[in-house]
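Heads up, the thing below is written out as structure tokens.
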Protein chains: 2
Amino acid sequence: MTYCVAALTQQGMVFASDSRSNAGVDQVGVFSKMTLFEIPGERVIVLLCSGNLASTQSVVSLLKLHMKDSFGAINSEGMLGLKSLYDVATLVGQTMREVMSRDGPSLVQQNVDPNCSFILGGQIQGKSQRLFLIYPQGNFIECSQETNFFQIGETKYGKPMIDRVVRYNTSLRDVAKCLLVSFNSTMRSNLSVGLPIDLLAYENDTFQVRLRRRFTEEDPYFSEISQFWSAALRRVFSEAPDVPWL
Amino acid sequence: MTYCVAALTQQGMVFASDSRSNAGVDQVGVFSKMTLFEIPGERVIVLLCSGNLASTQSVVSLLKLHMKDSFGAINSEGMLGLKSLYDVATLVGQTMREVMSRDGPSLVQQNVDPNCSFILGGQIQGKSQRLFLIYPQGNFIECSQETNFFQIGETKYGKPMIDRVVRYNTSLRDVAKCLLVSFNSTMRSNLSVGLPIDLLAYENDTFQVRLRRRFTEEDPYFSEISQFWSAALRRVFSEAPDVPWL
């Protein structure tokens, strides 16, 4: 399983993804699900993925392969050349369909789900920051100020906290903290979502990534916030009013 | 959708269920998903249901129909006559299979899911209290002191809080409060889970139900705990340590 989430706010965007990949319980690996495409000062594009690992890796490999032409120059039709995030989302969707039409039938024949989905966000010089959710079929929807976050993978355990905290005017700092709390709740309830967590915050109109961090099992901050959150929840729970029985 | 949950503790058992039933978004109704079978002083049996409403209603109707014989005497093979909770769970499973074999094929033909599942808990004089989860296939598992709660329906949004609070030695009072908080989180994230909530607490070895309450939209306690919980979560969130960016 996987858990990825990204939020769009006035100050910028925050992306977070876990790194556990499993095929059954006895084949567990660590694979980052966050890919950054960046030309500092010109564009930042972040891709988060969920679903069949062979499919998502193939999509990302093909996107990287077609980024530059055979002379090393930026391909105007690739991730680093396209003029708008909308076109980039279309490219990702097309690449997904390409991989699906190549690998899908063999997998379906063996009762393996070939599907994957992506969250795509970023900003290109001269344009606004944008955040998209790309469905397994390759079509996509875009975030708005009212619905300003997307999740893929094991989304439910960690959603209530984001629903309560993350708004369009929430600070990047608070959004980052909230997404980590959301990961903490998810990892407690689903063993197939696991550390390390990749966290990236993009500050609007900077066209470069200055805030990025990986939280491993030894990370003192992630331990601290996990313990704080558990203790705080138990404390406020004990302060909550008791049920008045009739 | 539906959300039902029940927990087994040293002091007794707590059961909670929502009351929203929907077939699409434009056909929404209120149906209680909690059924109590009781002979005060002798037995208490509580049934919570999830899934296809026609299926669950048929199962409950058949269980009630076969409770007494044609002369009004308790049928020794029915809900009020069987000597152990294990036999009651077997009866519910058999009745589910009966309904499935009658209605299932017609529903499957129309691509309608006929499945349902039940949580069954209670106590019969001379025996211990027991709590079961009955799968759509009619087989079942039983709670233990280590895994002391079961959920059916829309289970994920409300699970993290129960995971943190509800243990075998947690007081009935705290379990009841925690289940309501769990409902609050679920209802915020899934519109198809809705009030009223039926809440019932059974005190171990009393063989009767003294604590039962329905929470409607106008219920001042449910509003109070919802508001308290939202405010408290935001407050402890603001007190949580910020992410240290490298």
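Brief remarks on what is shown
- Selected residue (criterion: nearest to A:VAL181 (Cα to Cα)) from residues of region A:196-232 that are acidic (Asp, Glu) and at pLDDT below 95: A:GLU224
- Scanning region A:153-179 for residues that are crowded, with 20+ Cβ neighbours inside 10 Å and more than 19 Å from B:ARG188 (Cβ to Cβ) yields A:GLY153, A:LEU172, A:ALA176, A:LYS177.
- The set of residues in region B:68-83 being part of a loop (DSSP other than H, G, I, E, B) and more than 20 Å from the chain's Cα centre (by Cα) consists of B:ASP69, B:SER70, B:PHE71, B:GLY72, B:ALA73, B:ASN75, B:SER76, B:GLU77, B:GLY78, B:GLY81, B:LEU82, B:LYS83.
- Within region A:1-30, tally of residues that are touching a Phe, Trp or Tyr at 6+ places or on another chain (Cβ under 7 Å), surrounded by 19 or more Cβ atoms within 10 Å (Cβ to Cβ) and either aromatic (Phe, Trp, Tyr) or not in a strand (DSSP E or B) (or both): 3
- Residues in region B:155-171 that are within 16 Å of the chain's Cα centre (by Cα) and closer than 18 Å to B:CYS143 by Cα: B:THR155, B:LYS159, B:ILE162, B:VAL166.
- Scanning region B:70-124 for residues that are in contact (Cβ under 8 Å) with a residue 40 or more places away in the chain and of a type in the set (Phe, Trp, Tyr) yields B:TYR86, B:PHE118.
- Per this entry, B:ARG235 is counted among residues that are out of contact with any Ser or Thr (no Cβ under 6 Å at 6 or more places or on another chain), within 8 Å of another protein chain (Cβ to nearest Cβ), surrounded by fewer than 16 Cβ atoms within 10 Å (Cβ to Cβ) and among the basic types (Lys, Arg).
- For region A:114-129, a tally of residues being assigned to a loop (DSSP other than H, G, I, E, B) and of a type outside the set (Lys, Arg) returns 6.
So that you can scan it fast, the table gives a plain yes or no per residue for (1) within 14 Å of another protein chain (Cβ to nearest Cβ); (2) in contact with a helix residue (DSSP H, G or I) (Cβ under 9 Å, 6 or more places away or on another chain):
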{"position": "A:VAL92", "(1), (2)": "no, yes"}
{"position": "A:THR95", "(1), (2)": "no, yes"}
{"position": "A:GLY126", "(1), (2)": "no, no"}
{"position": "A:GLY138", "(1), (2)": "no, yes"}
{"position": "A:THR170", "(1), (2)": "yes, yes"}
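- Residue, surrounded by the fewest Cβ atoms within 10 Å (Cβ to Cβ), within region B:61-83, restricted to residues that are of a type in the set (Gly, Ala, Ser) and under 18 Å from B:THR35 (Cα atoms): B:SER61
- The residues listed here are B:ASP198, B:ASP174, B:ASP219; of these, the one that is within 15 Å of the chain's Cα centre (by Cα) and more than 26 Å from A:GLN151 (Cβ to Cβ) is B:ASP198.
- Scanning region A:9-46 for residues that are under 14 Å from A:PHE149 (Cα atoms) and under 12 Å from the mean Cα position of the chain (by Cα) yields A:MET13, A:VAL14, A:PHE15, A:ALA16, A:SER17.
- Flag for B:ARG188 being under 30 Å from A:TYR202 (Cα atoms), of a type in the set (Lys, Arg), assigned to a helix (DSSP H, G or I) and within 10 Å of another protein chain (Cβ to nearest Cβ): yes
- Checking each residue of region A:92-113 against the condition of being in contact with a strand residue (DSSP E or B) (Cβ under 9 Å, 6 or more places away or on another chain), of a type outside the set (Ser, Thr, Tyr), under 23 Å from A:SER192 (Cβ atoms) and not in a helix (DSSP H, G or I) gives at least one match.
- Just one of (1) closer than 24 Å to B:SER189 by Cα; (2) at the interface with chain B (Cβ under 10 Å from one of its Cβ atoms) fails for A:ARG214. It is (1).
- Region A:41-62: number of residues that are touching a strand residue (DSSP E or B) at 6+ places or on another chain (Cβ under 8 Å) and not in a strand (DSSP E or B): 7
- Cross-chain or 6+ apart pairs with Cβ under 8 Å, region B:144-166 first and on the phi < 0 side of the Ramachandran plot and at the interface with chain A (Cβ under 8 Å from one of its Cβ atoms), then basic (Lys, Arg) and in a helix (DSSP H, G or I): B:TYR157/A:LYS159; B:TYR157/B:ARG188; B:PRO160/A:ARG188; B:ASP163/A:ARG188; B:ARG164/A:ARG188; B:ARG164/A:ARG234; B:VAL165/A:ARG234
- Failed condition for A:VAL209, given (1) assigned to a helix (DSSP H, G or I); (2) more than 10 Å from chain B (Cβ to nearest Cβ): (1)
- Being part of a helix (DSSP H, G or I), within 13 Å of chain A (Cβ to nearest Cβ) and not hydroxyl-bearing (Ser, Thr, Tyr) holds for only one residue in B:ALA201, B:ALA176, and it is B:ALA176.
- Residue check for B:GLU218: closer than 17 Å to A:VAL243 by Cβ, touching a residue at least 24 places away in the same chain (Cβ under 8 Å), surrounded by fewer than 21 Cβ atoms within 10 Å (Cβ to Cβ) and not polar (S, T, N, Q): no
- Residue within region A:69-81 that is closer than 17 Å to A:LEU133 by Cα and among the β-branched types (Val, Ile, Thr) present: no
The values are calculated or read from the model by the stated rules, or taken from the named source; none is laboratory data. Owing to the predicted nature of the structure, the values given are computational and were not obtained by experimental measurement. With ideal geometry, Cβ positions are generated from the backbone for all residues, glycine too; neighbour counts draw on all protein chains shown.
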